[in-house]
1. It is to be established whether one or more residues within the stretch 185-203 are farther than 16 Å from Ala167 by Cβ and free of Cβ contacts under 8 Å to residues at least 24 places away in the same chain.
2. Working carefully through the options Gln172, Gln106, find the one that is within 30 Å of Glu44 (Cα to Cα) and out of contact with any helix residue (DSSP H, G or I) (no Cβ under 8 Å at 6 or more places or on another chain).
3. State which residue pairs qualify: first residue at pLDDT below 95 and inside the stretch 150-167, second residue in a helix (DSSP H, G or I) and buried (at least 17 other Cβ atoms within 10 Å of the Cβ) in any location, beta carbons under 6 Å apart, and separation of 6 or more residues or different chains.
4. Note down all Cβ pairs under 7 Å where the first residue falls in the stretch 65-88 and is farther than 18 Å from Pro101 by Cα, the second is assigned to a strand (DSSP E or B), and they're at least six residues apart or on different chains.
5. With the checklist (1) part of a helix (DSSP H, G or I); (2) among the polar types (S, T, N, Q); (3) within 20 Å of Ala141 (Cβ to Cβ) in hand, flag the one item Ser43 doesn't pass.
6. Tally up the residues in the stretch 55-64 that are at negative phi and in contact (Cβ under 8 Å) with a residue 24 or more places away in the chain, please.
7. Output the residues belonging to the stretch 242-254 that are under 17 Å from Ala15 (Cβ atoms) and touching a strand residue (DSSP E or B) at 6+ places or on another chain (Cβ under 8 Å).
Amino acid sequence: MAEVKVAVRIDNLRAPLRKSLQLVSAMGARAVEIDARNGIRPSELSDTGLRQLRKMLDDLDLRVASVRFPTRRGYDTPQDLDRRIEATKAAMQFAYRVGAPVVVNQIGMIPEEKDDPRYITLQSVMEDLGSYGTRIGAMFAAETGTESGETMAELLNASEDSYVAAAFNPGQLIINRHSPRDAIKALGNRIQLVCAVDGVIDLAAGRGLSVPLGQGTADFPELLGMLEDFQFRGPFVVGRREMAAETVLEELTQGVAYLRNL
């Protein structure tokens with residue numbers, strides 16, 4: 001089995017960039033995920049800033065595994081859609097500049113009916129971002145979770161002329177009562193990155209919850225084996241939205257250790 005490549009979401013650390021990179025290096029991870037919306041903004045990274053970032057990474061033997069670009073709305077929502085697409089493309093250009101192969105974002109709700117205007121819009125946007133990724137040299141990766149892997153695969157497979165990758169998030173799938181195993185089977189080698197998030201269904205509360213790695217129902221050893229069947233060689237990115245500030249460093253460190261021991 002290939003070595004698990006571990007990266008860390010540095011936006012979770014809520015610390016200055018240099019300090020965040022030092023913390024990640026001390027955890028034993030060899031890569032980071034940068035937030036291009038709430039962290040380093042593409043429009044603010046000058047050539048000098050890019051050289052400084054590269055030097056900080058090189059000094060700590062780190063690389064940028066992925067760029068996260070969370071938009072306020074999905075690509076199924078017409079309001080300000082053109083501006084959202086252009087901002088996503090700017091994030092893809094930024095990813096290429098920092099050496100990251102993918103930009104990760106949730107795409108929005110996928111309607112059940114293919115003749116739904118929102119479905120047609122989503123399909124068009126995915127084709128556009130897929131084609132742009134081929135030209136720029138950094139792919140767009142749709143993050144799983146809201147819908148089943150089968151539903152997402154059907155949308156992404158609709159275009160033969162462009163390529164959109166998948167960012168596999170087992171925790172979000174569990175939270176929304178979808179099967180991570182079925183998602184891997186459906187998305188296959190489209191999966192270029194794993195959002196290493198765990199989840200459980202809280203029967204008492206009647207909802208799903210995101211939890212630290214190893215404390216949920218995601219069977220990461222099994223999922224890793226399934227990904228191996230598709231020759232997956234991408235990163236496992238540790239970090240989740242719902243992290244308490246007082247325990248974030250401990251949780252990230254334990255998450256890195258958990259994955260390195262698989």
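1. yes
2. Criteria check complete, one pass: Gln106.
3. Hits for this filter: Ala158/Gln123; Ser159/Glu127; Ser162/Glu127; Ser162/Gly130.
4. Filtered contacts from the stretch 65-88: Thr71/Asn105.
5. (3)
6. 6
7. Leu252
Yes/no matrix, rows are residues, columns are (1) more than 30 Å from Ser148 (Cβ to Cβ); (2) charged (D, E, K, R); (3) surrounded by 14 or more Cβ atoms within 10 Å (Cβ to Cβ); (4) in contact with an Asp or Glu (Cβ under 9 Å, 6 or more places away or on another chain):
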| site | (1), (2), (3), (4) |
| --- | --- |
| Gly28 | yes, no, no, no |
| Ser43 | yes, no, no, no |
| Leu53 | yes, no, yes, no |
| Arg63 | yes, yes, yes, no |
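The values are calculated or read from the model by the stated rules, or taken from the named source; none is laboratory data. Predicted model, so just to flag it, every value in this text is computed and none were measured. Cβ coordinates were reconstructed from backbone atoms using ideal geometry, including for glycine residues, and neighbour counts include every protein chain displayed.
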